Amino acid sequence: RLLGGIGGAAGVAALSPSMLLSACKNEVTAGSGSDAASARGPGTRAVDVDFRLRARPDTVPLLPGAPSEVWRYDGALVDGPANTLAPINASYPGPLIRLCRGQRVRARLENRLPEDTTVHWHGLHVPPDVDGQPRLPIKPGENMSVTFDVRDRAGLYWYHPHPHGPDGGRVGFQSYAGLAGPLLIEDDIERGLELPDGDQQLILILQDRSFADDNALRYMDGMGAMMARMQGFLGDRVLVNGRPPQTRDVATRPYRLRILNGSNARIYKLAWSDGRPVTVLGTDGGLLAKPQRLRYVTLAPAQRIDVWVDLSDAQIGQRLSLVSDSYRAGMMGGMGGMGAMMGRSALPAGARFDLLGLRVTDRARDGRSLPQNLDPELSPPSVTRTTPIRRFEFGMRMMRGFSINERQFEGAKVADDEIVALGDTEIWEFVNDTMMPHPMHVHGLQFAVVERRRMTDRRGWPDLDSGLVDAGLLDTVLVLPGERVRIALTFKDFEGLYIYHCHNMEHEDNGMMRYYRVRA
Ligand code: C2O
Ligand code: CU
Ligand code: CU
């Protein structure tokens, strides 16, 4: 049962709304995933969900006119709840994987690409050997089966490749080509809130792309490649769920938007066209303790945001758009224009554009109102005066990308100051004295931001900082130029090698990535 079959118009069907009704109706309660036995590996418990994910080249319609060659994931359910996998528009990006906290999952990964790949479960607290790291590639034509327990809170996570060869990383290329997809975890706490679901819950994956006249995807060609090494790839248009932004008919009721920035390097400043505040329910690692209202939300690559929008009082015919508002980019952002002059037409880093139109066409009575409290059990790692601080300073290497503590990626080689102890809580301090923002991501866990401080003003991207949502649990935090950001992390359950890196994919591929070791 392969999903997202392409062929004619079938490929352009939108994600079927009913697919977003709860997947966890017959949730397994046995072994909630927190027992010590499962921490040691698959053990004896049977799997609850078993699916296949095949990476392969294909041709799919992305824009009107000629179809585009892409690399994509085919998903096929082997065993488990029928709505575990849902196609998203021509399977570019990959299918929506829906899991419930507590499930044991088997994923059968198949590489039908002409080069190495991996499948990384971004944001999930899983053991190192199933994390899809660069040191465990799947060769062309080969398969790998991984089993893990879903231990994470309800939230929108995602999956994408993570290969890194002797010539650098291929994360940017492979995810740009289409290998990325959303992974939604549900749990009882979230279900108890009765937030909008079904067709009142929309998943939006934001990815900027550039196309040639024949609709072929363009990546890092010409002189743009040099520029992209420094600023990351910026496309000249934004696709939402793999197609040009759409307008949807909606009713007078609340909606829930689950937004993933799946772009290689673009930072969005999300706002509503009528100036209403953005109501945030959650971030990377799930729900906040309470909703937050912001004028706009800064969403860096790999980050997710969970948004509530209430149209109960709207008039029939009223329109509202989710936009990425313009911001004043720093020096490198301004060079998006220079990229264009050098043969690559980039939408400048700070341009304004529409992402989703909502048109109110129906009246609906819906008793839902915004809950005042979301997750009372949210417990970020707690820090004290004596919590050790580990410092990571970013630097720039002329023509060779960015570094962390003067080092670049060296495979699984771990330095003495990159070893942490199992069970410990630490503060990691990211210091950005470069002229680019760096969305820093740590594998294997969710962390909490404990401090964000501006050290210098000289390289600010000033109007991005007030849209940052540092609350809740994150796996990716944006560190703006001139800033020092402190996060608290606890290394739980699994020992071994994980990576941490900048999630600007071109920075990562060009060496802004390192391994760290959790030692028992
Ligand atoms: Cu989105 Cu290293 O990952
Ligand atoms: Cu990750
Ligand atoms: Cu970076």
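The values are calculated or read from the model by the stated rules, or taken from the named source; none is laboratory data. Note that the coordinates shown come from a computational prediction; the quantities given were computed from them, not determined experimentally. All Cβ positions, glycine included, derive from the backbone under ideal geometry; neighbour counts span all protein chains shown.
Checking each residue in segment 281-316 for being out of contact with any Ser or Thr (no Cβ under 8 Å at 6 or more places or on another chain), assigned to a loop (DSSP other than H, G, I, E, B) and buried (at least 24 other Cβ atoms within 10 Å of the Cβ) picks out only G285.
Looking for something outside any loop (DSSP other than H, G, I, E, B) and either surrounded by 22 or more Cβ atoms within 10 Å (Cβ to Cβ) or in contact (Cβ under 8 Å) with a residue 12 or more places away in the chain (or both) - is there at least one such residue anywhere in segment 466-473? No; the residues of segment 466-473 include none that is outside any loop (DSSP other than H, G, I, E, B) and either surrounded by 22 or more Cβ atoms within 10 Å (Cβ to Cβ) or in contact (Cβ under 8 Å) with a residue 12 or more places away in the chain (or both). Taking segment 144-256 as the region of interest, the helices (runs of 4 or more DSSP H) fully inside it that hold 1 or more residues being closer than 27 Å to I97 by Cβ are 171-176, 188-192.
The single condition among (1) in a strand (DSSP E or B); (2) within 16 Å of ligand 3 (Cβ to nearest atom) that L489 does not satisfy is (2). The one condition from (1) surrounded by fewer than 22 Cβ atoms within 10 Å (Cβ to Cβ); (2) in contact with a Phe, Trp or Tyr (Cβ under 6 Å, 6 or more places away or on another chain) that R517 does not meet is (2).
Scanning segment 403-413 finds no residues that are among the polar types (S, T, N, Q), at pLDDT 95 or above and exposed (fewer than 14 other Cβ atoms within 10 Å of the Cβ). The residue of segment 428-441 that is nearest to ligand 3 (Cβ to nearest atom), among those that are surrounded by fewer than 21 Cβ atoms within 10 Å (Cβ to Cβ) and part of a strand (DSSP E or B), is V431. Filtering segment 455-481 to residues that are among the small types (G, A, S) and at pLDDT 90 or above leaves G467, A471, G472. Exactly one residue among E115, E110 is more than 15 Å from ligand 1 (Cβ to nearest atom), within 19 Å of L179 (Cα to Cα) and not in a loop (DSSP other than H, G, I, E, B), and that residue is E110.
Report yes if A251 is at pLDDT 95 or above and either touching a His at 6+ places or on another chain (Cβ under 7 Å) or in the same structural domain as R328 (by TED's automatic domain parsing) (or both), otherwise no. Here the answer is yes, as A251 does meet what is asked.
Before we move on, is D424 under 30 Å from R319 (Cα atoms), in contact with a strand residue (DSSP E or B) (Cβ under 9 Å, 6 or more places away or on another chain) and in contact (Cβ under 8 Å) with a residue 60 or more places away in the chain? Taking the combined requirement at face value, the residue does not satisfy it. For segment 131-147, name all the residues that are without any contact (Cβ under 8 Å) to a residue 60 or more places away in the chain and crowded, with 23+ Cβ neighbours inside 10 Å. G132 - this is the single residue of segment 131-147 that is without any contact (Cβ under 8 Å) to a residue 60 or more places away in the chain and crowded, with 23+ Cβ neighbours inside 10 Å. Among the candidates V485, V449, the residue that is within 14 Å of V431 (Cβ to Cβ) and not assigned by TED's automatic domain parsing to the domain that holds V280 is uniquely V485.
One residue stands out in segment 479-491 among those that are of a type in the set (A, V, I, L, M) and more than 15 Å from ligand 2 (Cβ to nearest atom): the one that is surrounded by the fewest Cβ atoms within 10 Å (Cβ to Cβ), namely A488.
Scanning segment 179-188 finds one or more residues that are acidic (D, E), within 30 Å of A520 (Cβ to Cβ) and away from ligand 1 (no atom under 16 Å from the Cβ). Of L99, L85, L113, all but one fail to be within 28 Å of P439 (Cα to Cα) and more than 16 Å from ligand 3 (Cβ to nearest atom); the exception is L99. Of all the residues in segment 257-280, those that are assigned to a strand (DSSP E or B) and charged (D, E, K, R) number 2.
E508 passes every criterion in (1) within 16 Å of ligand 2 (Cβ to nearest atom); (2) at negative phi; (3) in a loop (DSSP other than H, G, I, E, B) apart from (3).
Screening A421 with (1) at pLDDT below 95; (2) in the same structural domain as N510 (by TED's automatic domain parsing); (3) not acidic (D, E) gives one miss only, at (1).
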